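Please read the structure below before turning to the comments.
Derivation of every value follows stated rules applied to the coordinates shown; laboratory data play no part. As the structure is a computational prediction, the values presented were derived from the model and not from experiment. Cβ atoms come from the backbone with ideal geometry, glycine included; neighbour counts cover every protein chain shown.
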Amino acid sequence: MKVILTSDHAGVTIRNEVIKLLEEMDIAYEDTGCDCSTSVDYPDYAFPAAERVASGEFDRGIFICGTGIGMSISANKVKGIRCALTHDVFSAKATRQHNNSNVLAMGERVIGPSLAREITKVWLETEFEGGRHQNRVGKIDAYENK
Ligand code: RB5
């Protein structure tokens, strides 16, 4: 699995925690987040990273901002992206099983780094269940492609 990671200036602490986790899990990643010396605009980071997931260059994306909301709204504008804004472990598992989410968004002003690490681990390890859920995800694809 290859993961692309990004954040704005409000997501640096969680981004660094996710980097530690990816290294511990021996998962290949590219970090395209801001250098964070100044305030930046989250769409400038979300769109290029999401496009690289949608193109197939990366299997998954993990996007962090203050609330996770700006990153998730932006990511979900990119065709082929199913970005889940997730702040609990139950939803992290469910969104992989049911929605086959390919981008995880989290907000550093909402949760701390320890919970973000747990959420990320579960999200990375959980498989899509397919079946009736594939049918539902297929309807999203069909809407997007019409
Ligand atoms: C930055 O101040 C903040 O607006 C951004 O990180 C994010 O929370 C937007 O949704």
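Computed values, structure above
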{"item": "Gained length - residue 93 relative to residue 24, 0.36 nm times residue gap less alpha-carbon distance", "result": "22.8 nm"}
{"item": "When each of 77/121; 79/146; 2/77; 20/93 is checked by Cα-Cα distance, pairs over 19 Å", "result": "77/121; 2/77; 20/93"}
{"item": "Choice from 66, 112, 11 showing the highest fluctuation, given a GNM over the chain with Cα pairs closer than 10 Å", "result": "112"}
{"item": "Spin-label model distance (nm) - residue 59 vs residue 73, 7 Å beyond Cα toward Cβ", "result": "3.2 nm"}
{"item": "Cα-only radius of gyration and Dmax that characterise the chain, units Å", "result": "14.1, 46"}
{"item": "With Cα atoms, 0 to 90° folded angle of helix 113-125 axis to the chain main axis", "result": "30 degrees"}
